[in-house]
1. Compare the Cα positions of L216, S82, L339 along the charge dipole of the chain (+1 at Cβ of Lys, Arg; -1 at Cβ of Asp, Glu; about the Cα centre) and return the one farthest towards the positive end.
2. At 1.4 Å probe size, with the rest of the protein present, what percent of the exposed accessible area of the chain is carbon and sulfur atoms?
3. Stokes-Einstein diffusion coefficient for region 497-582 at 4 °C in a medium of 1.567 mPa s, Rh from the Kirkwood formula over Cα pairs: what value in µm²/s?
4. Give me the count of lysine pairs in region 725-852 whose alpha carbons sit under 20 angstrom apart, restricted to pairs 8 or more positions apart or on different chains.
5. Run through region 87-135 and list the trypsin sites (Lys or Arg not before Pro) located in a DSSP loop whose Cβ has at most 16 other Cβ atoms within 10 Å.
6. Calculate the dipole size of the chain relative to its Cα centre from +1 charges on Lys and Arg beta carbons and -1 charges on Asp and Glu beta carbons; express the result in debye to the nearest 20.
7. Can you list the trypsin sites (Lys or Arg not before Pro) in region 611-720 that are in a DSSP coil and have 15 or fewer other beta carbons within 10 angstrom?
8. Let me check something: with ligands and nucleic acids excluded, how do W558, W336 order by accessible area (1.4 Å probe), largest to smallest?
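The values are calculated or read from the model by the stated rules, or taken from the named source; none is laboratory data. Everything quoted here is computed from the prediction, not taken from an experiment. With ideal geometry, Cβ positions are generated from the backbone for all residues, glycine too; neighbour counts draw on all protein chains shown. Accessible surface areas use protein heavy atoms only, side chains included; no ligands, DNA or RNA. Shrake-Rupley method; radii C 1.70, N 1.55, O 1.52, S 1.80 Å.
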Amino acid sequence: MVVFENKAILKLLLVCLFVQFSFSAANFFRPFNVTYDHRALIIDGKRRMLISGGIHYPRATPQMWPDLIAKSKEGGADVIESYTFWNGHEPVRGQYNFEGRFDLVKFVKLVGDNGLYFLLRIGPYVCAEWNFGGFPVWLRDIPGIEFRTDNEPFKREMQRFVTKIVDLMREEKLFSWQGGPIILLQIENEYGNMEGSYGQKGKEYVKWAANMALGLGAGVPWVMCKQTDALGDIIDTCNNYYCDGYKPNSPSKPTIWTENWDGWYTSWGGRLPHRPVEDLAFAVARFFQRGGSLMNYYMYFGGTNFGRTSGGPFYITSYDYDAPIDEYGLRSEPKWGHLKDLHAAIKLCERALVAADSPQYMKLGPRQEAHIYWENTQSTVLNTTLSESQSACSAFLANIDEHNTVTVTFRGKSYSLPPWSVSILPDCSNVAFNTAKVGAQTSVKLVENAQSPKISAPELVMTKNEVSSISESWMSVKEPIGIWSESNFTVQGLLEHLKVTKDESDYLWHMTRIYVSDDDVAFWEENKVSPTLVIDSMRDVLRIFFNGELMGSVSGHWVKVVQPVQFQQGYSDLMLLSQTVGLQVGLKGEFQKIFTIEENEKAGWTNLKLDATPSTFTWYKAYFDSPDGSEPIAIDLGSMGKGQAWVNDHHIGRYWNLTAPKDGCPDSCDYRGTYGSNKCMTNCGKPTQTWYHVPRSWLQASNNLLVIFEEIGGNPFEISVKLRVPRILCAQMSKSYYPPLREWLHLDLIDGKVSISDMKPQIHLQCEDGQIISSIEFASYGTPHGSCQNFSKGNCHSPNSLSVVSEACVGRNSCSVEVSNSGFGSDPCRGVLKTLAVEARCVSTSTIGVSQF
């Protein structure tokens, strides 16, 4: 029997966990200082290994924030990270906005209320696939300005905003030394990618930015990401898919990973990226294995680019990012659950990780290696046991081979390492976690029509929804083509879009009147040529109208436009509508605010017939009731073409029904080997986005106003309200899997009464809050085949499988089932490795008309 060797570390962990819980119940923290050494951040005098989760507060509503923060904490996060968004906070120079989705103070305070720390990345350039990289457009109009270089007008404005944010955080007592959660700040963002293009002025700007930040007296450390020449008092950090080989530019600085890209962003007409959790967990484990100290997921929750906040070129409204928490605030399983287990395993190693200045390295094979962390550095890796009086020891065993499972010997024991994986041994003896072995549940999310009938409690079954549209009554009004107001002006040539619109609209009309003589027509006919409109360069979208008729459309990133035009003798109007995804700024409907509850009745709406022909440049409106329950809501705009949508005055974003290429998506995703954004793509041959998130806090019980502006034609009668529902749970685990991480904190284990090897693995199922498990669709303990939604019994099967799992799970929000012969009453087939496979269904407690129990 292998007795647990590190009782001291786990007793200390229990005390630390209790203390952390006690403080999280209070308002923030007692004041503490944050410093650092070469190994880690030092928080209140102690080194810490930290897990951080990125949540951009404007990409969710304030009503969503508490649940997002709570799920991040439950998933093992110690820190929440976010950028600030200058153009959201200062849309007009000197006029600040810290309300609603931009209430940064409220967001930081909520993080502190949950006992978590905060990493505030001020920038102020953030990129983040955010409109204009976060810069306010009015910056462009400042005389002599040049962005992100040694330019006095830019530096003056940047310093003013950064100072505003730091002063606001100080006034609200949100820094650690004030008892607040903020432990780190960031200045600039990935400037190292472009510094060289500015020459010496770029180098001077980096020094200025660092000194300016340090001079603000924030009282916590500053970081610069992707900035290898950061000044001595600034920590340079890594942004990448893998950062285990990264070393800061000074031996006195800790290794910090500010952006671990757990997915990627998406463009209209593109495939959807997916990063397998086995690879993501491998990257995180390797980072801590090789000396890393703080890792931040970019993103832990991605959210939604509401309004016109999505950047370009052509970034979609969803910013889901394949994150552990999806765009709607639901857990993405198994990513969330597997990472939760990883974080727990790393926390079990924290005492040894922070105690050692550097790990001991051991070569285990051609592409296999171990890193061992000892609290007592005089210990040797040849020791086979540790007495209770000795210090903590933790080890990471890595197999970097992309293809083969390898058995290695470490401290006299054999360990099987799957390809491209890391095994974590909190006590240098027993494996608590392997990055390639996923024991977490899989959650299958369905998009269901909102109109679902209630069913009584005893039935506990799902009812299939019938397809239904959002409304059978739509109204419409045409948007005029061309110049519609006297508020226009005349210029020579074409003007750049943002210079005119000031980012107040996606749309800008250009119009010119051309006279064609009889001689012109005769010349074209005689030489057999046709007149052509040529525009040397445009980006995003351009629509070409001739005498009020749409002649053509062009989209792209800095492309040349060549459009044949059929002129007739006399005067003709040539009109161009440029768009950002824009001399008349905007649309008439925008100017009149017909998308608002207060102003929409002034637009002259007419009833739309069911058989109406799809129309370009048309406004539509309808009213709908809010679905019952608490499930997230989406509007299906798959029947529309391209445009924008509003609900109850809230701009839910742009939509565009573009289809991804049919090729480029593998039948299965192999996690092994280096990940890139084009690996493991999904959604080939389907529209990039058809469902658009509508936060429930934006809705009332009935008569919700939906307004659509459609550019190219669509059928609003097929628009429907959907519920985003995690309906199906699956889990599959063999007897050889590891015990739950929480068992490492079991008192009997710590006191030596039992061994970790005596603990049994357990399948864990958990519905979302407000749901219960309504039925077990499949259960087999034995040798089941297949995968989620396609399980089948094998030759070996315990007849008690369904009853055991049903008794443990049905009617509960969550349950655990032990994977053992004793758990199912007997051994159904001796000498065979048994596996438990389960498929369950979740149902909302509001749907069945009973409270959660």
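1. L339
2. Exposed carbon and sulfur together represent 50 percent of the surface.
3. 92
4. So the count works out to 5.
5. Answer in residue order: R93.
6. In total the dipole reaches around 2120 debye.
7. K662
8. Solvent-accessible surface, decreasing: W558, W336.
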